[in-house]
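The values are calculated or read from the model by the stated rules, or taken from the named source; none is laboratory data. As the structure is a prediction and not an experimental result, all values here were calculated from the model. Cβ sites come from the backbone with ideal geometry, for glycine too, and all protein chains shown count toward neighbours. The accessibility values were calculated without ligands, DNA or RNA, using every heavy atom of the protein model including side chains. Shrake-Rupley method; radii C 1.70, N 1.55, O 1.52, S 1.80 Å.
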Amino acid sequence: MSDKQPSAPQQGKPRKRGDGGEISRGGGRVKVHLHAVTDEQAALLRDTVNARPLEEVKKKTGAELHFDPNPSPVPGMKILIIRGVPSQIEAVIRFIRQMTGSQATLAEEVQTFWLQWVEAAFPDLESRAYFLPPVYFNQVPMIRLKVACQDVQVLPSEPEKGGMLKRLVDWFVSLRTSGKTHEKCDEDGLHLNERVANPPAIVEDSISQPVAVQDSDIRHDAAMGQVLFCLQNLSEKTGEVLVGITRLHFGQYLSEPCFSVAAAQLPRASSLPPDLPQNWKQGKFDVLLIHRHYGLVVCNVMSFGDITNDLKMSQEDVDKNIRKKLRDAVSQLDKAEAMLSHLVSDVCPGLRITKTIAFPNLTTDQVQQAISHDSQLTEDLRWCLKTTDPADITGVCLCCDHLSDPKTPWQVNSHVLKKLGEWWTRCVAVSGPESHMTRHVYRTLVAR
């Protein structure tokens, strides 16, 4: 689902234009809301013999309405697309409820539909693991090219440069090929030394106008992919029953345009408790596991470059850098725990939330060395990760000792699976099944 809220066609003169091209009018910003109705209710609203109810609702509310032409994921249901400001959307829903004689509250209808959607989308919900999305999508776009008969991923050139990047790669390939025989000429009759002396113009252009991508973004993508490959393989090997979600932002959960009107009806999603800072709702987590037996597991993935070789950092600076990342991770995990506890408290108050940190680029020894002389950070980590012994901190973190080779992250061998299993036992399964995690609670949490 896109985060961008589509603009509605203008009806009269708009008051002003909001962020992202949205049109603001009386009652708020134009949004699109998805409302589920049964086939019987849809037939009633489409009744062309009598008063054409849907047309009447349009006239009374000023909203735009139409049924989604695509099949609904839930059998026996239709999706009505409502476009308008929040007050119009609420009026439409109110009229529809009156016309169809619905007795359930909107919150009940919403949760019922989401539960039905979960059951239809994940038929093996209680017997296997699902990950959303099923494969990790890099934040940094890459393109695949052939170099010396090998597939390589490179940053795309700017759109206006067209195939310049490919020309540059082809040039390097030709140098490698021609280098085998210095006397061999290419298709243009140029010897190797002439080709080296006359590179294509793309070389200078590419250096002067690099793609605006941070190295840290690329490293984080690689770290996330590595962690997810391992978690997916672990769940398949051990038969864990869970739903894994990656890169979910609390702000999207609370205000996704298509669901915000419905989400506002839920007991906990519409407001924050007074003791939480308002900006915490913008927090995010890298990986959330909703486990059938162990509750919620939150993982913060921290990526590092080759800080000892690339940057020539001293050991003291390396440790300082690691400690800073650890403090950031503790802060983010504490926010995640507070928000998750709040958002699910109407479903299952006091649900167990396990927190962990993944360091795909660091060994457990490196992490242990960084925290060994900082008693305050050690105590903060102990409380955050809920360990009784400070010596157990690195044992409940995911380090490169537990993970697959970053060069081939998809190759999760038996040795890695053994290490992952030991981590899972120490970090997640150590307290046994969560007594609150019933079949109904599990399904409701996934739907929520």
statement: Of the conditions (1) part of a helix (DSSP H, G or I); (2) open to solvent by less than 60 Å² (accessible area, probe 1.4 Å); (3) within 20 Å of CYS230 (Cβ to Cβ), the single one that ASP365 does not satisfy is (2)
- prompt: What are the pairs, 6+ residues apart or on separate chains, where a residue within segment 347-361 that is under 17 Å from ARG323 (Cβ atoms) has its Cβ under 7 Å from a residue that is among the aromatic types (Phe, Trp, Tyr)?
  reply: ASN361/PHE304
task: Within segment 71-98, count every residue that is open to solvent by 60 Å² or more (accessible area, probe 1.4 Å) and closer than 18 Å to TRP117 by Cβ.
output: 4
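Taking the condition under 30 Å from TYR442 (Cβ atoms) and not small (Gly, Ala, Ser), does ILE79 pass? Working first, answer last.
Details: under 30 Å from TYR442 (Cβ atoms): yes; not small (Gly, Ala, Ser): yes.
For ILE79, the condition - under 30 Å from TYR442 (Cβ atoms) and not small (Gly, Ala, Ser) - is met.
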task: Report the residue count in segment 289-304 for those that are modelled with pLDDT under 95, part of a loop (DSSP other than H, G, I, E, B) and in contact with a Ser or Thr (Cβ under 8 Å, 6 or more places away or on another chain).
output: 1
- request: Taking only segment 426-446 into account, find how many residues are open to solvent by less than 20 Å² (accessible area, probe 1.4 Å) and in a helix (DSSP H, G or I).
  value: 5
task: Identify all residues within segment 406-425 that are surrounded by 15 or more Cβ atoms within 10 Å (Cβ to Cβ) and assigned to a helix (DSSP H, G or I); write none if there are none.
output: VAL416, LEU417, LYS419, LEU420, GLY421, TRP423, TRP424
query: Looking at segment 341-360, which of its residues are surrounded by fewer than 23 Cβ atoms within 10 Å (Cβ to Cβ), touching a strand residue (DSSP E or B) at 6+ places or on another chain (Cβ under 9 Å) and either assigned to a loop (DSSP other than H, G, I, E, B) or of a type in the set (A, V, I, L, M) (or both)?
result: VAL344, CYS348, LEU351, ARG352, ILE353
field: Neighbours by Cβ (under 6 Å, 6+ apart or cross-chain): first from segment 380-397, open to solvent by less than 70 Å² (accessible area, probe 1.4 Å); second at pLDDT below 90 and assigned to a helix (DSSP H, G or I)
entry: ARG382/PRO390
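Quick one: in segment 95-105, of everything that is part of a helix (DSSP H, G or I) and in contact with a helix residue (DSSP H, G or I) (Cβ under 9 Å, 6 or more places away or on another chain), which residue is farthest from GLU40 (Cα to Cα)? I'd like the intermediate steps shown before the answer.
Narrowing segment 95-105 to residues part of a helix (DSSP H, G or I): 95-100.
If we keep only those that are in contact with a helix residue (DSSP H, G or I) (Cβ under 9 Å, 6 or more places away or on another chain) too, we end up with 95-97, 99-100.
On the way: PHE95: 16, ILE96: 12, ARG97: 13, MET99: 12, THR100: 9 Å.
Top of the filtered list is PHE95.
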